[in-house]
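K.L.:
Pasting a structure here, questions to come.
The values are calculated or read from the model by the stated rules, or taken from the named source; none is laboratory data. Just so you know, these numbers come straight off a predicted model, no measurement behind them. As a convention, Cβ positions derive from the backbone with ideal geometry for all residues, glycine included, and neighbour counts pool all protein chains shown.
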Amino acid sequence: MNEATAPAPGTAPSAEELTRLCDFIYRRSGIAYGEGKRGYIERRLAQGMHRTGTASVATYLALLRLSPAEAERLVNSVTVNETYFYREEYQLRCLGRAILPEIVARRGPGDRVRLWSIPCSTGEEPYSIAIWLLENWALVDAYNIEIVGSDIDSGALAAALEGRYGDRSLARLPLAVAERYFEAPLAGRRQIIRDLRESVSFTPANLVDAASMAAQGRFDVVFCRNVLIYFDDASQRLATRHLFEALLPGGFLCLGHSESLGRLPTGFAQRRFEDAVVYQRPAAA
Ligand SMILES: C[S@@+](CC[C@H](N)C(=O)[O-])C[C@H]1O[C@@H](n2cnc3c(N)ncnc32)[C@H](O)[C@@H]1O
């Protein structure tokens, strides 16, 4: 713990104050921090108080309600942004081999196909989708492919727009592929080439907020990977309802490998393809 992460003497939160802070985070994001994560939340609280120069926990909790900017910074500080290029590559294979062929079978050449990566964290997932399709899907130029990345974390979205990545993010990407879509390394980081950066758009959205989800319109495929694990049952139900609404009839939802809709009452049908199991909003009758 350093100066900014340890509570100042006499400012340690009570159990009730910590519960109020966790409730605030939960209502904003759907992320459920239980008893086991109280130390983590306490450190984020100490950082927030340090950042805002707040002398007591009670004052900081009051400030959160008055300052949307600080509420945003707090939420940004508690998100887990772990991601990397070509993560769970089997789903990218499934996209090119099974999902997109089904979708474009109902379309004409030049028609728009909309893909949504939510949450996209720092951008590796939507850029991976773009790179994968350019590398592997022969029909990529025959359709108007639109790729959107969204996240609740405004700091992660800013990093996604900039598109600069270190070795850890790039580790799974074949070198020849990296050479084609990234600038030369500069101070240990490589930036996505401008053409590719401009082909993906980024916009904030919150999985548990109906209005922010509806504002993005409808999509043919949604990648919603590695976030539902941070939600409790109620947030998962809310998020999956919004995801269902975000899909066009016949559209597909891809979850992370440890996630499933198994226990949730949803209108989705499960589809088992050779490369992956995904979910589909039934096509209109
Ligand atoms: C572990 S990352 C997953 C990124 C990417 N989908 C992947 O699988 O590599 C989880 C992301 O979920 C985002 N997140 C958490 N709650 C969210 C919410 N309510 N709405 C949108 N994004 C959220 C976090 O900000 C974080 O960037």
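K.L.:
Out of the range 56-83, which residues are within 16 Å of the ligand (Cβ to nearest atom) and β-branched (Val, Ile, Thr)?
P.N.:
Val75, Val78, Thr79, Val80, Thr83
K.L.:
Do we find a residue being in contact with a helix residue (DSSP H, G or I) (Cβ under 6 Å, 6 or more places away or on another chain), closer than 26 Å to Ile229 by Cβ and either assigned to a helix (DSSP H, G or I) or within 16 Å of the ligand (Cβ to nearest atom) (or both) anywhere in the range 133-150?
P.N.:
yes
K.L.:
So, one more: Restricting to helices (runs of 4 or more DSSP H) lying wholly in the range 15-104: which have 2 or more residues that are over 21 Å from the mean Cα position of the chain (by Cα), of a type in the set (A, V, I, L, M) and exposed (fewer than 14 other Cβ atoms within 10 Å of the Cβ)?
P.N.:
Details: elements: 15-29, 38-52, 57-66, 68-78, 89-94, 100-104.
Per the criteria, 57-66.
K.L.:
I've got another one for you. Which pairs have Cβ atoms under 6 Å, sit 6 or more apart or on different chains, and link a residue in the range 247-258 that is in a strand (DSSP E or B) to one that is among the acidic types (Asp, Glu)?
P.N.:
Leu248/Asp220; Gly251/Asp220
K.L.:
Next question. Taking the range 27-44 only, how many residues are of a type in the set (Asp, Glu) and within 16 Å of Phe231 (Cα to Cα)?
P.N.:
Total meeting the criteria: 1.
K.L.:
To continue, here is another question. Report yes if Leu157 is under 24 Å from the mean Cα position of the chain (by Cα) and surrounded by 14 or more Cβ atoms within 10 Å (Cβ to Cβ), otherwise no. Break it down stepwise before answering.
P.N.:
Details: under 24 Å from the mean Cα position of the chain (by Cα): yes; surrounded by 14 or more Cβ atoms within 10 Å (Cβ to Cβ): yes.
Criteria met by Leu157.
K.L.:
Same structure, new question: Here is a check on your reading of the model: is Pro109 surrounded by fewer than 16 Cβ atoms within 10 Å (Cβ to Cβ), in the same structural domain as Phe252 (by TED's automatic domain parsing) and in a helix (DSSP H, G or I)?
P.N.:
No, not satisfied.
K.L.:
For the range 204-214, enumerate the residues that are away from the ligand (no atom under 11 Å from the Cβ) and touching a residue at least 12 places away in the same chain (Cβ under 8 Å).
P.N.:
Ala210, Ala214
K.L.:
Please specify each residue of the range 166-188 satisfying the condition of being over 17 Å from the mean Cα position of the chain (by Cα), surrounded by 16 or more Cβ atoms within 10 Å (Cβ to Cβ) and not aliphatic (A, V, I, L, M).
P.N.:
Result: Tyr181, Phe182.
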